[in-house]
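Below is one structure, written out as structure tokens; comments come after it.
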Amino acid sequence: MAYDTRTGSLVLDELGVPRIINGMGWITTVGGSIMRPAVVDAMAEAVNFYIDLHELNKTAGNVIARYTGAEAGLVVAGAGAGLLLQAAACIAGSDPELITRLPDTEGIKNEILLYDGHVSGYARCYRAAGAKLNIWKEGDEDPKDKLKSLIGPQTAAVAYLFHQWNHCPITLAEVTEIAHEADVPVIVDAAVMLPPVDSLTRFINDGADMVTFSGGKGLRGPQSTGILCGRADLVEAARQNNSPNHGIGRPAKVTKEGVVGLVAALQLFVDADHDAEWAVWRGMTDTIVGDLGDIPGVDIRIEDNDPDRQGPNTVVYFNDDWDGPDSQTILDRLAARTPSIRLGYGKRGNEIFVAPVTLQVGDEVEVSKALREELTAHPG
């Protein structure tokens, strides 16, 4: 039976789970992204066969290596699992005894250096493998000299995070130069950095030894998948620490359908007409901005080609003339509607933003109407 994906689904209706309008972007808590039909078809085909998962992993890894310019690749259970396996590979390598010991790392090289501004909840993924985090901060000395001074005999890796709102005083290329002088690998969390397509090769080109990407955000693959790519010896160590082997990554299983879906999504992502996609997103944003531009007390902007935004965002800034409810109250009211509308907030002060990358056709009209109603119910 056919159905309109904008109003519900047979499965979700039966479960009693309502659909929401997602204007927050590629966020795990609201489902990540929507897979392209060809990805779904590839996964549905994979359901019907048995395969040797080791062989499939290696073959998929070759595809990942080709698109990322890395020596090797691996499909992992999301970017978080990629971080876990980065740490495991740098600490235990391919040593069977050490692989069995993790997360017990007493007496072995287990320290990962991480800049204070790059600390997030995902740092626990390193700890889950047994890593001890050495958090460093800016001080009076040159940050490059600071990093050099912290690398020691217990340093297993230097970690570097790429995220819209986390920045570091030294570049990845500078970090890799410093770390490699001490024969220490650099591991990168680039979960949210796709698109653009050139991010696939950017961090490897800057010298990173291992990079992980989310498969369920801008790549539009299965939500429970990710990419790990990098140096052949480290990726092989990650593979040995990972499912279906009995290492620390065994619980982070990726099914054959997930592997096939991720590979299909990667190929489609590389071949996609990204200019055309951007034009669709920009059209949605233009619609919303056009409907909100005359409301007193707010400044409505399009933030286009901003690396800190997912696509051309509509951003509502509340100026000094605004005397209505705060942004969180408005967001709560939008979320309480039917369908629930989820928008972003607070990235740069008192704001509400709409990321068009996760809006489906027609959502922009509903978002615009609802936002206008909430912003004019208490005029500034």
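Leu266 - would you say it is surrounded by 24 or more Cβ atoms within 10 Å (Cβ to Cβ) and either more than 21 Å from the chain's Cα centre (by Cα) or of a type in the set (A, V, I, L, M) (or both)? For Leu266, the condition - surrounded by 24 or more Cβ atoms within 10 Å (Cβ to Cβ) and either more than 21 Å from the chain's Cα centre (by Cα) or of a type in the set (A, V, I, L, M) (or both) - is met. Scanning the range 138-152 for residues that are in contact with a strand residue (DSSP E or B) (Cβ under 8 Å, 6 or more places away or on another chain) and either part of a loop (DSSP other than H, G, I, E, B) or farther than 24 Å from Ala191 by Cβ (or both) yields a count of 4.
Within the range 64-76, the set of residues being surrounded by fewer than 24 Cβ atoms within 10 Å (Cβ to Cβ) and either farther than 18 Å from Gly218 by Cβ or within 15 Å of the chain's Cα centre (by Cα) (or both) comprises Ala65, Arg66, Gly69, Glu71, Ala72.
Screening Gly293, Gly324 for residues that are of a type outside the set (Asp, Glu), in contact (Cβ under 8 Å) with a residue 12 or more places away in the chain and in contact with a strand residue (DSSP E or B) (Cβ under 9 Å, 6 or more places away or on another chain) leaves exactly one candidate, Gly324. Within the range 332-346, residues that are farther than 10 Å from Ile21 by Cβ and assigned by TED's automatic domain parsing to the domain that holds Val365 have Cβ atoms under 9 Å from residues that are loosely packed, with under 12 Cβ neighbours inside 10 Å and among the small types (Gly, Ala, Ser) in these pairs: Arg333/Ala377, counting only partners at least 6 apart in sequence or on another chain.
Condition first: closer than 19 Å to Gly69 by Cβ and of a type in the set (Lys, Arg). Can you find one or more residues in the range 203-224 that meet it? The answer is no, given that none of the residues of the range 203-224 is closer than 19 Å to Gly69 by Cβ and of a type in the set (Lys, Arg). Against the numbered list (1) crowded, with 21+ Cβ neighbours inside 10 Å; (2) in contact with a Phe, Trp or Tyr (Cβ under 6 Å, 6 or more places away or on another chain), Gly297 comes up short only at (1). Residues that are closer than 16 Å to Gly23 by Cα and surrounded by fewer than 17 Cβ atoms within 10 Å (Cβ to Cβ) within the range 304-314 comprise Asp304, Asp308, listed in sequence order. The single condition among (1) over 12 Å from the mean Cα position of the chain (by Cα); (2) buried (at least 24 other Cβ atoms within 10 Å of the Cβ); (3) within 16 Å of Lys253 (Cα to Cα) that Thr225 does not satisfy is (1). Screening the range 194-206 for residues that are touching a residue at least 60 places away in the same chain (Cβ under 8 Å) and exposed (fewer than 15 other Cβ atoms within 10 Å of the Cβ) and picking the one that is farthest from Val235 (Cα to Cα) gives Pro196. One residue stands out in the range 152-193 among those that are over 24 Å from Ala89 (Cα atoms) and among the hydrophobic types (A, V, I, L, M, F, W, C): the one that is surrounded by the fewest Cβ atoms within 10 Å (Cβ to Cβ), namely Trp165. Scan the range 59-81 and tell me whether some residue there is farther than 24 Å from Ala208 by Cβ and of a type in the set (Ser, Thr, Tyr). Within the range 59-81, none of the residues are farther than 24 Å from Ala208 by Cβ and of a type in the set (Ser, Thr, Tyr).
The values are calculated or read from the model by the stated rules, or taken from the named source; none is laboratory data. What you see is a predicted model, and the numbers here were worked out from it, not measured in a lab. Cβ: placed from backbone, ideal geometry, glycine included. Neighbour counts: every protein chain shown.
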